[in-house]
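The values are calculated or read from the model by the stated rules, or taken from the named source; none is laboratory data. This structure is a prediction, so every number in the text was calculated from the model and none was measured. Note: ideal-geometry Cβ built from the backbone for every residue, glycine included; neighbour counts use all protein chains shown.
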Amino acid sequence: AMVLTGVDLDEAGQPRKWKVENSWGDKVGTDGYFVASDAWMDEYTYQIVVRKEFLTADELAAYEAEPIVLAPWDPMGALASK
């Protein structure tokens, strides 16, 4: 698990890198923190928890839409269920 504690935005307001607090304690990384590029986050992050008040109208509409149920043998279905 990770907690995102900061973000570096470019001139257009798009994320470049993220400050991440890891779940392994302060002995790993720099006092328990890492910096992850936005490309790394796009590649390896597949599930997040966000309070509804921080969602855009489009994201809230997607949240409230009918869910897409993945088959148990779908790789993302297996990863998301653990």
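Descriptive notes on the structure:
- Failed item in (1) free of Cβ contacts under 8 Å to residues at least 12 places away in the same chain; (2) under 24 Å from residue 75 (Cα atoms), with residue 55 passing the rest: (2)
- Residues of the stretch 47-61 that are surrounded by 10 or more Cβ atoms within 10 Å (Cβ to Cβ) and within 26 Å of residue 3 (Cβ to Cβ): 50, 55, 59, 60.
- Residue in the stretch 13-33 that is without any contact (Cβ under 8 Å) to a residue 12 or more places away in the chain, touching a Leu at 6+ places or on another chain (Cβ under 9 Å) and either β-branched (Val, Ile, Thr) or part of a loop (DSSP other than H, G, I, E, B) (or both) present: no
- One residue stands out in the stretch 65-82 among those that are under 24 Å from residue 4 (Cα atoms) and either of a type outside the set (Gly, Ala, Ser) or touching a Gly at 6+ places or on another chain (Cβ under 8 Å) (or both): the one that is modelled with the highest pLDDT, namely 76.
- Check on residue 12, touching a Ser or Thr at 6+ places or on another chain (Cβ under 8 Å) and surrounded by fewer than 10 Cβ atoms within 10 Å (Cβ to Cβ): no
- Residue within the stretch 18-31 that is of a type in the set (D, E, K, R) and on the phi > 0 side of the Ramachandran plot present: yes
- Meets criteria (part of a strand (DSSP E or B), under 11 Å from the mean Cα position of the chain (by Cα) and at pLDDT 90 or above) for residue 7: no
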